[in-house]
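Encoded as structure tokens, the structure appears first; notes follow it.
The values are calculated or read from the model by the stated rules, or taken from the named source; none is laboratory data. As the structure is a prediction and not an experimental result, all values here were calculated from the model. Cβ placement follows ideal geometry from the backbone for every residue including glycine, while neighbour counts extend to all protein chains displayed.
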Amino acid sequence: MAKEAKIIIEGKEYTYPVIEGTEGEKAIDIRTFRKDSGYITYDEGYGNTGSCQSEISFINGEEGILRHRGYAIEDLAENSDFIEVAYLVIYGELPTVSERETFSQKIRNNAMIHMSMNHLFEGVPNDAPPMAILSSMLNSLGCYYKEYATNNPQHDLEHFDDAVAITMSKVRTIAAMTYRMSNGLPFIYPKMGLRYVENFLHMMFSNPYNEYSHEPEVAKALNVLLLLHADHEQNCSTSTVRMVASSGANLFPSVASAVCALWGPLHGGANMAVIQMLESIAASGDDGSQFIEDAKSGRHGKRLMGFGHRVYRNYDPRAKILGKYCDKLLEAIGIDDQLLTIARNLEQAALKDDYFVERKLYPNVDFYSGIIMRAIGIPLSMFTVMFAIGRMPGWIANWREVASNDKGRIYRPRQIYQGPTAPRKFLQMADRPEK
Ligand code: SDX
């Protein structure tokens, strides 16, 4: 017998079907609830609300499981690289040799931005926040690549592969250009023949008179860091993509709006906040124990940044993997980072502390990612930009799910009004009493 849910309001019974996901998640389908009962449900922060059915990623927060299209994140981190995982997330299958080559070639062919976009950089202050630059530059792609940004989802889907290559490739180039501009350095053009991450490092750190070289572990660590960010169900920025895409907007403004959502300190800004937290602990001479007490009491608004998660009530599997890569990378490049020692102390202390244990607060993806980026030489101001590069495949894949759903509806949540009641008498300004 099909599962059902019954809601009884003022003695009247309403029955709704249960939707079950392929991994056993269950939802009550209440799409007719307001029409049937005049009531809406209320779930601030959407912690208990499914906004869509998706085939891209699956998280089991209780068990600390993350899979993309059925593949475990641990397998992908061990055996794959960022571009291959991007292809999997976007197109649903791991690429064959020829599919991978075609995808990589399209990305290589789109590595340069439109020359007129350089003028946009000229108009931006050198110390502008990189995430502000990134969101505006991504949105401006719709000015230079109009044929892929018609806001006619059918047309835009027919040109999807090109829009994917443009977005995947140019987000990396724009990021590198932002870094160069903010440091008063000349832009470095992408170099044919370099793979995605290596070309990014080249555009970031090479100079006209010498080419940046690095240990293989640097590219490997950055590859893993990016692929671990590839997608993560309906997090704040990905849900933003779906919200914007649901109006029929094309890929460029949809991912640009996601950058804006990701910028917040509770979301993508946390990787910066973790390093700032570790630096402040180091500067204060605290070994982390005082900070933990402050974070527990919320004193001075302190939180243990990089800890806790809306969905994971266990270790974020990405944090485990990144923790291992911290050690590998720092050893390979001969760095002994005091902040890593403090991070390890905080982790060990928090995992034994009732406050964190009772609230099921564990390290999340942001806890170690900053240590890796710092070791590579990526400045704090670029940390969330790196998160955006990594999350681009997930944003693209979610845009495609919305655009492809010809039965889809524009996202338009309801609310409960708590403002002044009507009717209030309008007074001309002269008649309004001063406060
Ligand atoms: C990302 O959604 C995603 O998938 C996001 C992400 C992705 O890949 O897209 O995984 C990336 O954003 C990771 C999260 C990065 N943010 C941080 O590390 C910031 C620090 N973490 C917290 O602010 C918090 O844990 C959130 C925002 C991540 C989750 O917040 P929730 O689910 O709304 O939890 P909450 O604020 O309701 O906290 C529940 C309790 C509260 O205590 P009580 O009111 O029960 O006494 O836990 C406490 C909170 O005070 N708490 C913390 C804490 N996180 C939660 N206390 C101290 N330090 C923390 N980090």
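Conditions (1) out of contact with any Leu (no Cβ under 7 Å at 6 or more places or on another chain); (2) in a loop (DSSP other than H, G, I, E, B), marked per residue:
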{"position": "321", "(1), (2)": "no, no"}
{"position": "325", "(1), (2)": "yes, no"}
{"position": "385", "(1), (2)": "no, no"}
{"position": "388", "(1), (2)": "no, no"}
{"position": "392", "(1), (2)": "yes, no"}
{"position": "414", "(1), (2)": "yes, yes"}
{"position": "418", "(1), (2)": "yes, yes"}
{"position": "435", "(1), (2)": "yes, yes"}
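Taking the stretch 248-268 as the search range and keeping residues that are under 18 Å from residue 305 (Cβ atoms) and more than 11 Å from the chain's Cα centre (by Cα), which one is nearest to the ligand (Cβ to nearest atom)? Result: 266. Cβ-Cβ distances below 9 Å connect the following pairs, each with a first residue in the stretch 232-248 that is free of Cβ contacts under 8 Å to residues at least 40 places away in the same chain, a second residue that is assigned to a loop (DSSP other than H, G, I, E, B) and more than 8 Å from the ligand (Cβ to nearest atom), and a separation of six or more residues or different chains: 236/264; 244/411.
Taking the conditions (1) more than 10 Å from the ligand (Cβ to nearest atom); (2) not assigned by TED's automatic domain parsing to the domain that holds residue 164 in turn, residue 292 satisfies each one other than (1).
Within the stretch 295-319, the residues that satisfy the criterion of being within 12 Å of the ligand (Cβ to nearest atom) and assigned to a helix (DSSP H, G or I) are 295, 296, 297, 299, 301, 317, 318, 319.
A single entry from 58, 33, 103 fulfils the requirement of being modelled with pLDDT of 95 or more and either of a type in the set (Val, Ile, Thr) or assigned by TED's automatic domain parsing to the domain that holds residue 169 (or both): 103. Looking only at residues in the stretch 119-161 that are touching a Gly at 6+ places or on another chain (Cβ under 8 Å) and polar (S, T, N, Q), which one is farthest from residue 269 (Cα to Cα)? The selected residue is 152. The C-beta contact set for the stretch 24-43 (first residue part of a helix (DSSP H, G or I), second residue not hydroxyl-bearing (Ser, Thr, Tyr), distance under 6 angstrom, 6+ apart or interchain) comprises 34/40; 37/9. Residues that are more than 13 Å from residue 368 (Cα to Cα) and aromatic (Phe, Trp, Tyr) were ranked within the stretch 264-312; the one that is surrounded by the fewest Cβ atoms within 10 Å (Cβ to Cβ) is 291. Remark: pairs (first residue in the stretch 336-354, in the same structural domain as residue 296 (by TED's automatic domain parsing); second residue of a type in the set (A, V, I, L, M, F, W, C) and outside any helix (DSSP H, G or I); Cβ separation under 9 Å; 6+ apart in sequence or on different chains) = 346/304; 346/307; 347/307; 350/304; 350/307; 350/361. Evaluation of residue 55 against the conditions (1) more than 16 Å from the ligand (Cβ to nearest atom); (2) over 18 Å from the mean Cα position of the chain (by Cα); (3) surrounded by fewer than 13 Cβ atoms within 10 Å (Cβ to Cβ) shows that the sole unmet condition is (2).
Residue check: residue 60 meets all listed conditions (1) of a type outside the set (A, V, I, L, M); (2) under 21 Å from residue 219 (Cβ atoms); (3) in contact with a strand residue (DSSP E or B) (Cβ under 9 Å, 6 or more places away or on another chain) but one, namely (2).
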